[in-house]
Amino acid sequence: MAVFERARREGFLLTMHCDIDQEGSIEHIRQALEDIGVDRIDHGTDIVEDERLVELAKAKGIGFTCCPVSNSFVTEQMKSSEIRTLLDRGLAVTVNSDDPPTSAPMRPTTICHSPPTRTSISTVSSNSPRTRSAPPG
Ligand SMILES: [Zn+2]
């Protein structure tokens with residue numbers, strides 16, 4: 001924990017990679033939110049399974065960088081409905097390509113099985129500054 005405290009003290013924002021559908025996924029998200037106090041979670045759509053953590057992440061304004069193509073490599077599905085649920089719940093979700101060399105770039109218009117609305121596309125776009133890696137300059 002000392003390394004996270006030091007990083008925070010030195011002005012870094014904290015991000016934790018919480019991959020999907022892994023053993024202990026929900027506990028890892030809980031640790032990231034409560035024990036470490038991250039600012040952003042990469043992936044992390046499994047949070048939809050825990051109502052308390054959803055509310056906590058929303059209250060803290062935690063950004064989620066979701067990567068549908070990467071998800072499809074790990075679980076054979078993009079986790080579109082989970083991403084949509086998190087958006088509908090008001091969490092700061094963005095759509096990303098993960099590692100560009102291995103994951104095809106994504107457009108927000110392709111994240112959902114149901115057609116995205118102008119509002120959902122606008123929300124994803126406006127969430128982006130909330131998931132930045134650096135403090136405002
Ligand atoms: Zn990743």
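The values are calculated or read from the model by the stated rules, or taken from the named source; none is laboratory data. Predicted model only: the values in this text are computed from it and were never measured. Cβ coordinates were reconstructed from backbone atoms using ideal geometry, including for glycine residues, and neighbour counts include every protein chain displayed.
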- Message: Based on this model, can you work out whether F12 counts as more than 13 Å from the ligand (Cβ to nearest atom), among the hydrophobic types (A, V, I, L, M, F, W, C) and either closer than 24 Å to S126 by Cα or in a helix (DSSP H, G or I) (or both)?
- Response: yes
- Message: So, in region 51-68, exactly how many residues are touching a residue at least 24 places away in the same chain (Cβ under 8 Å), within 18 Å of S128 (Cα to Cα) and surrounded by fewer than 20 Cβ atoms within 10 Å (Cβ to Cβ)?
- Response: 3
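If you take just the helices (runs of 4 or more DSSP H) that sit entirely in region 20-75, which of them hold at least 2 residues that are more than 17 Å from N96 (Cα to Cα) and over 13 Å from the mean Cα position of the chain (by Cα)?
By residue number, 25-30, 51-60.
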- Note on the structure: Result of the Cβ filter at 9 Å on region 30-49, keeping first residues that are within 20 Å of P129 (Cα to Cα) and within 14 Å of the ligand (Cβ to nearest atom) and partners that are part of a helix (DSSP H, G or I) and of a type in the set (D, E, K, R), at least 6 apart or interchain, is R40/R130; T45/E82
- Query: Is it fair to say D88 is more than 11 Å from the chain's Cα centre (by Cα), among the charged types (D, E, K, R) and modelled with pLDDT of 95 or more?
  - Reply: no
